[in-house]
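Colleague: Take this structure first; my questions come after.
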Amino acid sequence: MYNLLRTFQERNYALFFTGQSLSLIGYWIQSTTFNWLLYQLTDSALWLGYFSAAINLPVLVLLPFAGSLVDRFDRRRLLLILQFLFMLQALALAILTHFDLLTLTLIAAMGCLQSILTAFDSPARQAFVPRLVTNREHLPAAISLNSMLFNTSRAIGPPIAGWVMAQTGPAPCFLLNALSYLCIISALLLMRLISPPIPVKSARRQGAMDNLRLILGAPPLRYLILSYTSVAVATMSIYVLLPIWAREVLGTGPQGLGWLMGGIGVGALIGAALVGTQRQPARLWPLFRQAAVLLGLALILLSQTEGVGSALVVTVLLGLAYIAQGVAANTLLQLSIDDDHRAGVMAFYLLAAFGSIPVGNLIGGWLGEWRGPHGAALMGGLVVLTVTALFWPTSNRVIAHVARESPSPTA
């Protein structure tokens, strides 16, 4: 844990961490509110899946190209522009909701806009973190802390959203998110960056296809991204059904949805901390696949739950396993690529994390309509375990390959 805390000696990273802390809480407040309103407007598991998939589709399409574009520009300036646009989108949602003007068409359009912005924002943030750390020994801890922050906010934001919606309605939730972007904007403006931006001439040589060839030509990168993508699709097919679990299975409203998402956030925080305290990256390879096994078992357990207490326990396990696997993949990828390719390669990792959402949403909506939430969770768990078993021989070969190519623990 001390290894994690030493990262805050880096002034720029400490500013970024502080600014993001409130901004990301606002993001999860808005995300929870948005999902609840979408479910109210569709009133159908199948249509909830369809609309969620359509809203997240721009991420799937744009991420590989957005990542290569991010590598060509000054990342701080790009992040400032994006945060300002996010703030305007949240303000628009607050106004439309307050005056009861938010229709299904409008909420889908606003969701697509956020998805487009996210396609550029996510690789920019991933690639920006290494520039904030002058001591390269702090980089693994900084990556893990970034994931811990994201998931701490996931634990805090949804319960706040549930409480605010129950007390005052959804409009103030969107307003809180708009105000939260002032925190990250202020942090970006206060930074003193010493490292020069990536040379434009070098950055322009890299395109989406160049980054894809790099990934496909490196067995460790290829295994991490393909395996994580498969598991992420199965997991997201269950995540989209959480509003149905809150209302139909547990008999709770938006407050129950907030607690379920908060449980996932608590588990995610534990999972990210577990990865962050690992000082030897080689240990993350077995942890990556062990987390997938735990995830599959947790989904099967979810299919057997009926009460709020047991559901909360299982959601903590889900968050722990899913994020531990994701942070392990993130850390191993960041340590394996140079800065000229960083945003472009990380865009494919984010394609697995975010781009799997629309595919998972479609599958989840269909499974929820056909088998109900319990049957969907059972099938999702079986798929995760099957995929992990199929990739197990591949993971053994990759671990052996990494041991040969990078015998040093910090390589």
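Colleague: When the residues of the stretch 60-75 are narrowed to those that are assigned to a helix (DSSP H, G or I) and surrounded by fewer than 19 Cβ atoms within 10 Å (Cβ to Cβ), which ends up farthest from the chain's Cα centre (by Cα)? So that I can check it myself, show each step before the final result.
Modeller: Start the filter on the stretch 60-75 by keeping residues that are assigned to a helix (DSSP H, G or I), which leaves 60-70, 75.
When the remaining residues are screened for being surrounded by fewer than 19 Cβ atoms within 10 Å (Cβ to Cβ), the result is 60-61, 65.
Details: L60: 14, V61: 17, F65: 19 Å.
The residue in question is F65.
Colleague: State which residue is modelled with the lowest pLDDT when the search covers only the stretch 125-183 and only residues that are within 18 Å of A343 (Cβ to Cβ) and among the β-branched types (V, I, T).
Modeller: My answer is I143.
Colleague: So Q304 fits all but one of (1) over 16 Å from the mean Cα position of the chain (by Cα); (2) crowded, with 24+ Cβ neighbours inside 10 Å; (3) at pLDDT 80 or above; what number is the exception?
Modeller: (2) is the only condition that Q304 fails.
Colleague: Now for a separate question. Please determine whether any residue of the stretch 312-330 is at pLDDT below 85, more than 24 Å from L145 (Cα to Cα) and either out of contact with any Gly (no Cβ under 6 Å at 6 or more places or on another chain) or of a type in the set (D, E, K, R) (or both).
Modeller: no
Colleague: Can you tell which of G375, G364, G344 is among the small types (G, A, S), surrounded by fewer than 24 Cβ atoms within 10 Å (Cβ to Cβ) and either in contact with a Ser or Thr (Cβ under 8 Å, 6 or more places away or on another chain) or not in a helix (DSSP H, G or I) (or both)?
Modeller: G375
Residues checked against (1) small (G, A, S); (2) at pLDDT 85 or above:
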site	(1), (2)
N3	no, no
A14	yes, yes
S44	yes, no
W47	no, no
V70	no, no
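Colleague: So F120 fits all but one of (1) among the hydrophobic types (A, V, I, L, M, F, W, C); (2) at pLDDT 85 or above; (3) over 25 Å from L145 (Cα atoms); what number is the exception?
Modeller: (3)
Colleague: Here's something else I'd like to know. Which pairs do you get when a residue that is more than 12 Å from G169 (Cβ to Cβ), found in the stretch 91-106, comes within reach of a residue that is assigned to a helix (DSSP H, G or I), reach meaning Cβ atoms under 6 angstrom, with the pair 6+ apart or on two chains?
Modeller: From residues that are more than 12 Å from G169 (Cβ to Cβ), the pairs are L91/A178; L93/M110; L93/F174; L104/L41.
Colleague: Can you name the number of the only condition in (1) of a type outside the set (D, E); (2) within 21 Å of the chain's Cα centre (by Cα); (3) closer than 24 Å to T134 by Cα that Q9 fails?
Modeller: For Q9, the failing item is (2).
Colleague: Moving on. Looking at the stretch 259-297 only, could you name the residues that are more than 25 Å from V387 (Cα to Cα) and touching a Phe, Trp or Tyr at 6+ places or on another chain (Cβ under 7 Å)?
Modeller: Of everything in the stretch 259-297, just one residue is more than 25 Å from V387 (Cα to Cα) and touching a Phe, Trp or Tyr at 6+ places or on another chain (Cβ under 7 Å), namely L260.
Colleague: Something else now. Taking the options L274, L260, L295, L284, name whichever one is assigned to a helix (DSSP H, G or I), within 19 Å of W36 (Cα to Cα) and touching a residue at least 24 places away in the same chain (Cβ under 8 Å). Spell out how you get there, then give the answer.
Modeller: Working: L274 fails: within 19 Å of W36 (Cα to Cα); L295 fails: within 19 Å of W36 (Cα to Cα); L284 fails: within 19 Å of W36 (Cα to Cα).
When all the criteria are applied, what remains is L260.
Colleague: Enumerate the pairs (first residue in the stretch 64-90 and on the phi < 0 side of the Ramachandran plot; second residue anywhere and polar (S, T, N, Q)) with beta-carbon separation below 7 Å, excluding pairs fewer than 6 apart on the same chain, so at least 6 apart or on different chains.
Modeller: Taking only residues 6 or more apart or on different chains, the pairs are G67/N211; S68/Q206; S68/N211; D71/Q206; Q89/Q114; A90/Q30; A90/N177.
Colleague: Further question: Looking at the stretch 229-251, is at least one residue among the charged types (D, E, K, R), over 25 Å from the mean Cα position of the chain (by Cα) and at pLDDT 80 or above? Let's see the steps before the verdict.
Modeller: If we filter the stretch 229-251 for residues that are among the charged types (D, E, K, R), which is where we start, we get 247-248.
Okay, now just the ones that are also over 25 Å from the mean Cα position of the chain (by Cα), so 248.
Add one more test, that the residue is at pLDDT 80 or above, and what stays is none.
Scanning the stretch 229-251, I find no residue that is among the charged types (D, E, K, R), over 25 Å from the mean Cα position of the chain (by Cα) and at pLDDT 80 or above, so the answer is no.
Colleague: From (1) within 19 Å of S52 (Cβ to Cβ); (2) out of contact with any Phe, Trp or Tyr (no Cβ under 6 Å at 6 or more places or on another chain), pick out the condition that doesn't hold for G253.
Modeller: Unmet for G253, out of (1) within 19 Å of S52 (Cβ to Cβ); (2) out of contact with any Phe, Trp or Tyr (no Cβ under 6 Å at 6 or more places or on another chain): (1).
Colleague: Got a sec? Which of T229, T252 is over 21 Å from S153 (Cα atoms), in contact (Cβ under 8 Å) with a residue 24 or more places away in the chain and not in a helix (DSSP H, G or I)? Give the steps one after another, and end with the answer.
Modeller: Values: T229 fails: not in a helix (DSSP H, G or I).
The match here is T252.
Colleague: Another question, if that's okay. If we scan the stretch 129-139, do we find a residue that is under 19 Å from Q20 (Cβ atoms), in a helix (DSSP H, G or I) and basic (K, R)?
Modeller: yes
Colleague: Okay, next question. If we keep just the residues of the stretch 100-124 that are of a type in the set (S, T, N, Q) and farther than 22 Å from A343 by Cα, which is surrounded by the fewest Cβ atoms within 10 Å (Cβ to Cβ)?
Modeller: Step one: of the stretch 100-124, the residues of a type in the set (S, T, N, Q) are 103, 105, 114-115, 118, 122.
Then keep just the ones that are farther than 22 Å from A343 by Cα; that gives 103, 105.
Values: T103: 11, T105: 9.
Of everything passing the filter in the stretch 100-124, T105 is surrounded by the fewest Cβ atoms within 10 Å (Cβ to Cβ).
The values are calculated or read from the model by the stated rules, or taken from the named source; none is laboratory data. Keep in mind the model is a prediction, meaning the values are calculated, not measured. Note that each Cβ is placed from the backbone with ideal geometry, even for glycine, and that neighbours are counted across all protein chains shown.
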